[in-house]
Amino acid sequence: MIDLNVTNLEEIRAQAAPQVIEIPGFRPGATIRVAVRLVDLTPHLLEAGIGNPLLAAAREKAGEKPEASIDFGRLAPVLEAVAKEALAEPTYEQIYAVAPLTLQQKLAILNHVMGGIAEMRSFRGEQGV
């Protein structure tokens, strides 16, 4: 039987709490642990004209062809914005005061944040998307 009780705010707060992940460090083979929160990628991707993977799936269902490649010039500001928003501890500014984040670090953060999109696709079961 399915539990139809409403999820309380404390549980939602716990689920939304930042999660500690490992990203590449500043030296080969090294890693650093940071706390990141999931962020809504939609405004960042739309502003850069890249599009959200779920929107791309919807466009594909509507018969539109997906973009063959992504222009890195449009992706770079997205990576920066997502890292700034996602990093909870240490913050983006705190890390930047020591050294700017590398491309690999920003991609690792984006990859973690985008994991939520992959989970949403499987949750929706590709139906109606």
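What single numbered condition from (1) surrounded by fewer than 14 Cβ atoms within 10 Å (Cβ to Cβ); (2) at pLDDT 90 or above; (3) under 15 Å from D40 (Cα atoms); (4) not aliphatic (A, V, I, L, M) fails to hold for G115? For G115, the exception is condition (2). Listed by first and then second residue, the pairs linking a residue in the range 90-111 that is farther than 15 Å from L75 by Cβ to a residue that is loosely packed, with under 12 Cβ neighbours inside 10 Å, with Cβ atoms under 9 Å apart and 6 or more places separating them unless they lie on different chains, are P90/V98.
For R33, the conditions (1) of a type in the set (D, E, K, R); (2) surrounded by 13 or more Cβ atoms within 10 Å (Cβ to Cβ); (3) modelled with pLDDT of 70 or more are fulfilled apart from (2).
The values are calculated or read from the model by the stated rules, or taken from the named source; none is laboratory data. Computed from a prediction, not measured in an experiment: that's the story for all the values here. In this analysis, Cβ positions are derived from the backbone assuming ideal geometry, glycine residues included, and neighbour counts consider all displayed protein chains.
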